[in-house]
Structure formats: C-alpha cells, structure tokens
Amino acid sequence: MADPRPSLRVLFAEDAREFRELMRDELRDRGFIVTAVEDGLRAVEAFRWSAFDVVLTDLATPGLNGLQVAKACKQHRPGVKVVVLTGWDLLLEDEECIEHGVDMVIAKPVQINVLTAALRQVVHEPASSAPPGF
C-alpha cells in the first residue's frame, strides 16, 4: 500500500559511494525524493539551488563536515531539518550540535526502517531546543 503522505525531498551527503547509492535507492523505494552528493561542499551547493525538506549528512564528509553542512544550510534556510549520521557519536557534544543547527543525530550502522521513520519524524515535529537522539 502506498504511503499517503507527500514525498519528502531529501538531500543526502555521504562520501562512501556504495553506502550513498544503497541508501539513495532504499529511500527512493520508500517514496522519498533523494538527491545524493559525495561531499559537504556539493551538499551546500545543491541546497542553495534546490528545495529540500531535510538534509541528511554524514558527520565525516570531506570538504565540509556534517556540522558545517548543517550550519550552512540553516543559515540559508533556518527552517530546514538536518539529520547527521555518524559512527562517531561519542565525539559529538550536544551543545556543538545545537550550535550548528542539527535536529537529530543517528548512529551508524542504521536500519532503513529506523532512518525513514526518523526522517518523517524530524520533518513533522515542531522545533525543540534539544535535538532528539542525544
């Protein structure tokens, strides 16, 4: 049965090509409209030229890291939601994430059903002072 909710437009920044392509395809199969890029600089550039509901970025993207991508996107459009994927969650401080505008942090490896639920949740919930997932 098709999801009755409108398709969310996702900008996905991930430097690991196989993971990027796999997640792009899995998200598309679940009704998301996905633009996938390989680094933080391309993510910010794509964000400036297209409309997205959510930015999904790896923390360790080359060029600009995930926190820098979050900050740049929030400066351009404060209402956009930003989700950071990381295998290094112990290195992230809550205050640092909040300062950069991160709405949610998700630890890798991530199951696709967890990721899709998180993307829908973060887009549809009102803004809060502390990102979920900390």
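The values are calculated or read from the model by the stated rules, or taken from the named source; none is laboratory data. Owing to the predicted nature of the structure, the values given are computational and were not obtained by experimental measurement. Positions of Cβ are backbone-derived with ideal geometry, glycine not excepted, and every protein chain shown enters the neighbour counts.
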Handout entry: Verdict on residue 86 being in contact with a strand residue (DSSP E or B) (Cβ under 6 Å, 6 or more places away or on another chain) and closer than 21 Å to residue 99 by Cα
Key = no
Exercise for the section: Report, by residue number, each residue of the range 68-116 that is farther than 16 Å from residue 12 by Cα and either in contact with a Gly (Cβ under 6 Å, 6 or more places away or on another chain) or buried (at least 17 other Cβ atoms within 10 Å of the Cβ) (or both). Expected result: 92, 97, 100, 101
Practice task
Report the residue count in the range 7-25 for those that are among the aliphatic types (A, V, I, L, M) and part of a strand (DSSP E or B).
Solution key: 3
Exercise for the section: Please work out which residue is farthest from residue 15 (Cα to Cα), limiting yourself to the range 33-58 and to residues that are within 10 Å of the chain's Cα centre (by Cα) and part of a strand (DSSP E or B). Expected result: 54
Practice task
Pick out the one residue from 42, 9, 17 that is under 19 Å from residue 122 (Cα atoms) and not hydrophobic (A, V, I, L, M, F, W, C).
Solution key: 9
Exercise for the section: Take the residues in the range 117-134 that are buried (at least 17 other Cβ atoms within 10 Å of the Cβ) and part of a helix (DSSP H, G or I), then tell me which one is modelled with the lowest pLDDT. Expected result: 123
Handout entry: In the range 42-55, residue modelled with the lowest pLDDT [restricted to those that are in contact with a strand residue (DSSP E or B) (Cβ under 8 Å, 6 or more places away or on another chain), surrounded by fewer than 19 Cβ atoms within 10 Å (Cβ to Cβ) and hydrophobic (A, V, I, L, M, F, W, C)]
Key = 51
Exercise for the section: Looking for whichever is under 18 Å from residue 17 (Cα atoms), in contact with a Ser or Thr (Cβ under 9 Å, 6 or more places away or on another chain), of a type in the set (Asp, Glu) and crowded, with 20+ Cβ neighbours inside 10 Å here; the options are 39, 58. Which one fits? Expected result: 58
